[in-house]
Amino acid sequence: MTRPLLAIEDLSVGFRTSRGTVLANKHLSLTVAAGETLGIVGESGSGKSVLCRAILRLLPSPPAEITAKSLSFAGHDLLKLKPAEMRSVRGQDIAMVFQNPMTSLNPVWPIGDQVSEGLRIHRGLGKAAARKAAIDILKRVGIPSAELRVDDYPYQWSGGMMQRAVIAMAMTGQPKLLLADEPTTALDVTIQDQILSLLMELQREAGMAIILVSHDMSVVSETCDRVAVMYAGSIVELGEAAAILTAPKHPYTHGLLRSIPHLDVPSGRLATIGGQPPDLATLEPGCPFAPRCPVASAECRTLPIVLKALPGGRATACHFPERVADLDRQAAS
Amino acid sequence: MSESPSLVVEDLVIEFAKPRSLADLVTGTHPPAVRAVDGVSLTVENGETLGLVGESGSGKSTIGKAILGLYRPKRGTIHFEGKAFAERDEREQAVFRRRMQIVFQDPYSSLNPRLKIGSAIAEVLRFHAIVPPGEIEAEVLRLLSLVGLPAAMAERRPRELSGGQRQRAGLARALAVRPSFLVLDEPVAALDVSIQAQVLNLLSDLRRELGLTMLFVAHELGVVRHMSDRLAVMYLGQIMETGPSDAVFRDPRHPYTRALLSAVPKMTTVKRQRAAVTQGEIPSPLNIPSGCRFRTRCPMAQPVCETVPPEITVGPSHVARCHFAAAPVNP
């Protein structure tokens, strides 16, 4: 087996607050192979975005405290890099696309210049050459008459076009890994469809790996090879996308999948997960999902969770994954 | 249905004027107005939920607000419980405002951050004299339990509540005046999936228990399908297709509806290989295409589409604004 592009081992991210240290990421371990797409799903506050920012070391410290056995990317431990070395990794080896393109673009700077900047830094192009290359990249990401619009300002573009521009900026460094944090959440469904297809085309052309953070299971199912499900800062389930989405081995994944209203199923009562996600500052020692879990027993509230390997390259943090099957039987009866 | 419908909107046009620039003032001209809603007619029967879907800028929220009398129509009429808003005198308008309520996407911006949840609801009860002053406290607790919030929430401020709890509090406040009609403007768009399901179930329960009539405005098709008896699909200020939800979802007749449905990501075990289902973006409402306004993005557009498209009836109460609505769908 070849070495994975990104290998995270036992990563924890804490934030120092007045209520003590809050762990937003707890003992995460995962790998991303070159060219593959890993989906990270979970609800607000589950730690998905913190994980992306920790990989790029974008979290200011303090208040963030990052610890890990290793955070290795293409053979380098990112945690050991000097700030200058880390700067050359950002954008060049690992690029990021955020949810809201409005906040990723400088509002008082023409879009073409913002794309050119990346080309001048990452590819060392001169001013004129960078401008020409910027137009080409903007064309590639689907901006019509890019040569006429290259001097536009962000406010002149729609949300979908701005997100294309942000993707263009991310592509300037020809990254090996793209972190896409809810890249289509702010967009309309037809535009989301266009952006997802664009990302997948770019991935095929450039052979880059993608970590796609999303709250939408369907988006993940259409785009990802593997999935990590996060809850309260922990990975609770990890494995091949198709396997997890058809036969989850964690009650949380199971509940999430069942609470989505589907297009092809007529209305009825939606299955819900009772309660709310926990407050990370006051987590009990056991499984964080236990208070909301329909199959939890006394041990679940005290035994700390670990991600255990299952056959088929899967892993679950549930103490009793066999109980998930009971949930289906309950639902059927 | 023998009963008269709850809401009848006919040929509604709503325009927003752009501010006049100095040059406009000098030359005495007016800039073109943006037509956000362009000739919309719809009916909501008593106890029915009508879903209004469409992309940003389609005019769906504008319709929701116009129905409440928050915008003055340029043309057309809105009749609620048999009467137009403009025909009511001041006292009747106060009654009208009680009969129809709106719940917005982000309850954080519609709840006063300094007011405890209980006080926010009590204020409404007091102002509209819904219950005698001595019974206000009990009524607040009844409303909180109606939306599934524990009584202790009455003492909390909005920032101490989670998103789902805030949406429930917003609902409790809207229900305090005992409305018959609720406009729900993207009520679950800001919520996580597991919380969204809780709020949708609550809305279904309330509709049944209180016999509410609803206009459900949302962009997410799965959610709309789940909640609505009938559906209206909007594009650039017009209704492109309307009909019973099941019929529209099972057999969409307008290419825009079909595009919307195919663009929704599906649960699948196979990674997508396909290209995007539509090209381009929704045109500016300042520059609406002639004829059929969807033709610039339509995969089946013909020369005839540059002229005004007819309305085609394709089934009982199922109408699509497309020349080829009755034609079979290419697989």
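The values are calculated or read from the model by the stated rules, or taken from the named source; none is laboratory data. Since the model is a prediction, treat every value here as computed from it, not as a measurement. With ideal geometry, Cβ positions are generated from the backbone for all residues, glycine too; neighbour counts draw on all protein chains shown.
Please count how many residues of segment B:72-86 are at pLDDT 90 or above and either out of contact with any helix residue (DSSP H, G or I) (no Cβ under 9 Å at 6 or more places or on another chain) or under 15 Å from B:Val13 (Cβ atoms) (or both). First the steps, then the outcome.
Kept after step one, since they are at pLDDT 90 or above, are these residues of segment B:72-86: B:73-80.
Those left that are additionally either out of contact with any helix residue (DSSP H, G or I) (no Cβ under 9 Å at 6 or more places or on another chain) or under 15 Å from B:Val13 (Cβ atoms) (or both): B:73-78.
The total comes to 6.
Quick one: B:Gln196 ticks every box in (1) buried (at least 21 other Cβ atoms within 10 Å of the Cβ); (2) within 11 Å of another protein chain (Cβ to nearest Cβ); (3) assigned to a loop (DSSP other than H, G, I, E, B); (4) of a type outside the set (Asp, Glu) except a single one, so which number is it?
Condition (3) is where B:Gln196 drops out.
Which residue is farthest from the other protein chains (Cβ to nearest Cβ), if the candidates are limited to segment A:219-236 and must be touching a Lys or Arg at 6+ places or on another chain (Cβ under 6 Å) and within 14 Å of A:Leu38 (Cα to Cα)? Please lay out each step first, then the result.
We begin by selecting, within segment A:219-236, every residue touching a Lys or Arg at 6+ places or on another chain (Cβ under 6 Å); these are A:222, A:230, A:233-234.
When the remaining residues are screened for being within 14 Å of A:Leu38 (Cα to Cα), the result is A:222, A:230.
Working: A:Glu222: 5, A:Met230: 12 Å.
Ranking the qualifying residues of segment A:219-236, first place goes to A:Met230.
Kindly indicate whether B:Gln101 is under 30 Å from B:Gln238 (Cβ atoms), under 25 Å from the mean Cα position of the chain (by Cα) and within 14 Å of another protein chain (Cβ to nearest Cβ). I'd like the intermediate steps shown before the answer.
Working: under 30 Å from B:Gln238 (Cβ atoms): yes; under 25 Å from the mean Cα position of the chain (by Cα): yes; within 14 Å of another protein chain (Cβ to nearest Cβ): no.
Taking the combined requirement at face value, the residue does not satisfy it.
Hey, which of the strands (runs of 3 or more DSSP E) in segment B:232-331, taking only ones fully inside, have at least 1 residues that are within 12 Å of chain A (Cβ to nearest Cβ) and over 30 Å from A:Ala243 (Cβ atoms)?
Here the list reads B:238-244.
Give me the pairs, please: first residue somewhere in segment B:228-254 and touching a residue at least 60 places away in the same chain (Cβ under 8 Å) and over 28 Å from B:Arg35 (Cβ atoms), second residue anywhere and part of a loop (DSSP other than H, G, I, E, B) and of a type in the set (S, T, N, Q), beta-carbon distance under 9 Å, and either six or more positions apart or on two chains.
B:Pro244/B:Ser317; B:Ala247/B:Ser317
Pick from B:Ile117, B:Ile63, B:Ile78, B:Ile121: which is touching a residue at least 60 places away in the same chain (Cβ under 8 Å), farther than 30 Å from A:Asp193 by Cα and among the hydrophobic types (A, V, I, L, M, F, W, C)?
Values: B:Ile117 fails: touching a residue at least 60 places away in the same chain (Cβ under 8 Å); B:Ile63 fails: farther than 30 Å from A:Asp193 by Cα; B:Ile121 fails: touching a residue at least 60 places away in the same chain (Cβ under 8 Å).
Only one candidate passes the filter, namely B:Ile78.
Could you grab me the full set of residues in segment A:237-249 that are within 11 Å of another protein chain (Cβ to nearest Cβ) and either in a helix (DSSP H, G or I) or closer than 18 Å to A:Leu51 by Cβ (or both)?
A:Ala241, A:Ala242, A:Ala243, A:Ile244, A:Leu245, A:Thr246
Within segment A:30-51, can you find the residues that are farther than 25 Å from B:Asp192 by Cα and among the hydroxyl-bearing types (Ser, Thr, Tyr)? Explain how you work it out, then say what you get.
Kept after step one, since they are farther than 25 Å from B:Asp192 by Cα, are these residues of segment A:30-51: A:31-36.
Answer for segment A:30-51, where residues must be farther than 25 Å from B:Asp192 by Cα and among the hydroxyl-bearing types (Ser, Thr, Tyr): just A:Thr31.
Give, as residue ranges, the helices (runs of 4 or more DSSP H) completely inside segment A:18-137 that count at least 1 residues that are in contact (Cβ under 8 Å) with a residue 60 or more places away in the chain, of a type outside the set (Ser, Thr, Tyr) and under 30 Å from A:Val306 (Cβ atoms).
Here the list reads A:48-55.
Is there a residue being assigned by TED's automatic domain parsing to the domain that holds A:Gln163, loosely packed, with under 14 Cβ neighbours inside 10 Å and either farther than 30 Å from A:Asn25 by Cβ or of a type in the set (Ser, Thr, Tyr) (or both) anywhere in segment A:109-125?
For segment A:109-125, residues assigned by TED's automatic domain parsing to the domain that holds A:Gln163, loosely packed, with under 14 Cβ neighbours inside 10 Å and either farther than 30 Å from A:Asn25 by Cβ or of a type in the set (Ser, Thr, Tyr) (or both): present.
From the list A:Arg258, A:Arg269, which one is assigned by TED's automatic domain parsing to the domain that holds A:Val41 and either under 22 Å from the mean Cα position of the chain (by Cα) or under 26 Å from A:Ala309 (Cβ atoms) (or both)?
Of the residues listed, the single one that is assigned by TED's automatic domain parsing to the domain that holds A:Val41 and either under 22 Å from the mean Cα position of the chain (by Cα) or under 26 Å from A:Ala309 (Cβ atoms) (or both) is A:Arg258.
Go through segment A:28-48 and report how many residues are crowded, with 20+ Cβ neighbours inside 10 Å and more than 14 Å from chain B (Cβ to nearest Cβ).
4
Please go through (1) within 23 Å of A:Leu23 (Cβ to Cβ); (2) assigned to a helix (DSSP H, G or I); (3) within 7 Å of chain B (Cβ to nearest Cβ) for A:Tyr252 and return the number of the only condition it doesn't satisfy.
Unmet for A:Tyr252, out of (1) within 23 Å of A:Leu23 (Cβ to Cβ); (2) assigned to a helix (DSSP H, G or I); (3) within 7 Å of chain B (Cβ to nearest Cβ): (3).
Here are some residues: B:Gly39, B:Gly57, B:Gly76. Which one is of a type outside the set (Phe, Trp, Tyr), in a loop (DSSP other than H, G, I, E, B), surrounded by 14 or more Cβ atoms within 10 Å (Cβ to Cβ) and at positive phi?
Details: B:Gly39 fails: in a loop (DSSP other than H, G, I, E, B); B:Gly76 fails: in a loop (DSSP other than H, G, I, E, B).
Going through B:Gly39, B:Gly57, B:Gly76 in turn, the sole match is B:Gly57.
Being assigned to a loop (DSSP other than H, G, I, E, B) and hydrophobic (A, V, I, L, M, F, W, C) is the filter; apply it to segment A:138-176 and report the residue that is farthest from A:Gln99 (Cα to Cα).
Of segment A:138-176, the ones assigned to a loop (DSSP other than H, G, I, E, B) are A:141-145, A:150-153, A:157-158, A:172-176.
Next, from what is left, pick out any that are hydrophobic (A, V, I, L, M, F, W, C): A:141, A:143, A:150, A:157.
Details: A:Val141: 17, A:Ile143: 19, A:Val150: 22, A:Trp157: 16 Å.
Once the filter is applied, the top-ranked residue is A:Val150.
Mind checking which pairs have a first residue in segment A:186-207 that is more than 9 Å from every other protein chain (Cβ to nearest Cβ) and a second that is outside any helix (DSSP H, G or I) and surrounded by fewer than 21 Cβ atoms within 10 Å (Cβ to Cβ), Cβ under 6 Å, 6 or more apart or different chains?
Once the first residue is more than 9 Å from every other protein chain (Cβ to nearest Cβ) and sits in segment A:186-207, its partners that are outside any helix (DSSP H, G or I) and surrounded by fewer than 21 Cβ atoms within 10 Å (Cβ to Cβ) give A:Ala186/A:Gln99; A:Ala186/A:Asn100; A:Gly207/A:Gly35.
Can you tell me which residues in segment B:202-231 are in a loop (DSSP other than H, G, I, E, B), of a type outside the set (Gly, Ala, Ser) and either modelled with pLDDT of 95 or more or farther than 21 Å from B:Arg293 by Cα (or both)?
Taking segment B:202-231 as the starting set, the residues that turn out to be in a loop (DSSP other than H, G, I, E, B) are B:211-212, B:218-220, B:228-229.
Imposing the further condition that a residue be of a type outside the set (Gly, Ala, Ser) reduces the set to B:212, B:219-220, B:229.
If the condition is that a residue be in a loop (DSSP other than H, G, I, E, B), of a type outside the set (Gly, Ala, Ser) and either modelled with pLDDT of 95 or more or farther than 21 Å from B:Arg293 by Cα (or both), then B:Leu212, B:Glu220, B:Asp229 are the ones that fit.
Answer yes if at least one residue in segment B:165-180 is touching an Asp or Glu at 6+ places or on another chain (Cβ under 7 Å) and modelled with pLDDT of 90 or more, and no otherwise.
no
Filter segment A:230-269 for residues that are without any contact (Cβ under 8 Å) to a residue 24 or more places away in the chain and touching a strand residue (DSSP E or B) at 6+ places or on another chain (Cβ under 8 Å) and give the result.
none
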